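J.: Here it is, the structure, as structure tokens.
What follows is calculated from the coordinates using simple rules that are stated; it is not laboratory data. Owing to the predicted nature of the structure, the values given are computational and were not obtained by experimental measurement. FYI the Cβ positions are ideal-geometry reconstructions off the backbone, even for glycines, and counts take in every protein chain you see.
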Amino acid sequence: MSLQVIAVGLGRTGTTSLKVALEELGFGPCFHMTELLRNPASWPLWLRACRGEDVDWEAAFHGYRSSTDDPGTLCWRKLVKFYPNAKIILTTRDPDKWFASAQTSAVSETARASYERAPPELQPILEMNAAMGWDPRDPRTHDHSYMTGWLARHNAEVQAAVAPGRLLVFLSSDGWGPLCRFLGVNVPRSPYPHVNTSAEFVEMLKTGTMPDGWAGKRS
């Protein structure tokens, strides 16, 4: 099984909602950062990938039909090249709203506290987060200009590198329509998913468990 869909938008742009959506559309299982929490055995491979080393992508994505969020997004250039037939989705969001969301979730004080109390066995995860740009201890993650500039540069680089016919620039607010047209599937009757709000993200940090509905379909 090879990846059919690769989503390359930065975190907090609706990547978890897209994971749930792709799985509902039949492109699951979808690899997402939360998959690492379920599979510590994969950490060494992904840590090497986050450091820029070459890894076996077929092994990294074994059993998955799609990918969204980090750590895959950090390696997007390699994945776009390695899977030439995969369709590429760039999730994005209003820069100011994206920055505000990050400040209350991924780089919040709760996130910083979780770093400080993390046991040694979780250090690979923290190192990966730092490599991906989401270290709440880094002052740059709280700088509006730096963060929105990162978002703008990332989006521009993706759009410059991926052929227009292969790429969908997507906002969660667009709903099922453009996503389903791009993937060539029917629109579901259910509403487009809306998961991993800032509040849910913080609750996950506090409890170490994912809310219902995130796990996705495993077959």
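J.: For segment 118-126, what does the Karplus curve 6.51 cos²θ - 1.76 cosθ + 1.60, with θ = phi - 60°, yield as ³J(HN,Hα) per residue in whole Hz, taken in order and with x for Gly and Pro?
T.: Ordered by residue, 3J(HN,Hα) equals 5, x, x, 5, 8, 4, x, 5, 5 Hz.
J.: Still on this structure, please answer the following. Within the chain, what is the number of lysine pairs with alpha carbons under 21 Å apart, leaving out pairs fewer than eight places apart on the same chain?
T.: Values: 19/78; 19/87; 19/97; 19/217; 78/87; 87/217.
Close lysine pairs under the 21 Å cut-off: 6.
J.: Let me ask something else. Which residues' amide hydrogens lie under 5 Å from the amide hydrogen of residue 135, considering only partners 5 or more residues apart or on another chain, with H built in the peptide plane?
T.: none
J.: Take 56, 69, 94 and order them by how many other Cβ atoms sit within 10 Å, fewest up front. Before the final figure, lay out each step's value.
T.: Details: 56 10, 69 28, 94 14.
Arranged by neighbour count, lowest to highest, 56, 69, 94 become 56, 94, 69.
J.: Tell me, what does the Kirkwood hydrodynamic radius of segment 109-190 come to in angstroms if you use every pair of distinct C-alpha atoms? Mind showing how you got there, number by number?
T.: Numbers: mean 1/r = 0.0622 Å⁻¹.
About 16.1 Å, per the Kirkwood formula over Cα pairs.
J.: Using unit Cβ charges (K, R positive; D, E negative) and no other charged atoms, how large, in debye to the nearest 20, is the dipole of the chain about its Cα centre? List each step's numbers first, then the result.
T.: Working: 23 positive and 23 negative charges, 107 e Å.
Using Cβ point charges on Lys, Arg, Asp and Glu, the chain gives about 520 debye.
J.: Determine, for each peptide in 123-134, 27-38, 108-119, the mean count of other beta carbons within 10 angstrom over its residues, then list the peptides with the highest first. Walk me through the intermediate numbers first.
T.: Details: 123-134: 18.0, 27-38: 20.4, 108-119: 13.7.
Those peptides, ordered most packed to least, come out 27-38, 123-134, 108-119.
J.: Out of segment 132-180, which trypsin sites (Lys or Arg not before Pro) are coil in DSSP terms and have no more than 15 other C-beta atoms within 10 Å? Could the numbers behind the result be given before it?
T.: Numbers: sites: 137, 140, 153, 166; in loops: 137.
Those satisfying the criteria are 137.
J.: OK, next. In degrees, nearest 10, range 0 to 90: what is the angle between the Cα axis of helix 15-24 and the longest Cα principal axis of the chain?
T.: Tilt relative to the chain: about 40 degrees.
J.: When only Cα pairs under 8 Å and 6 or more residues apart are kept, what is the percent relative contact order across segment 5-207? Intermediate results must be reported in sequence, preceding the final value.
T.: On the way: 253 pairs, mean separation 61.8, N = 203.
That works out to 30 percent.
J.: Looking at [x] 14.4; [y] 12.3; [z] 11.3, which value of mean projected area of the Cα convex hull in nm² comes from a calculation on the structure shown?
T.: [z]
J.: Scale the Cα Rg of segment 53-179 by the rule-of-thumb value 2.2 N^0.38 Å and send over the ratio, two decimals.
T.: Working: Rg = 16.1 Å, N = 127, 2.2 N^0.38 = 13.9 Å.
Normalised Cα radius of gyration, segment 53-179: 1.16.
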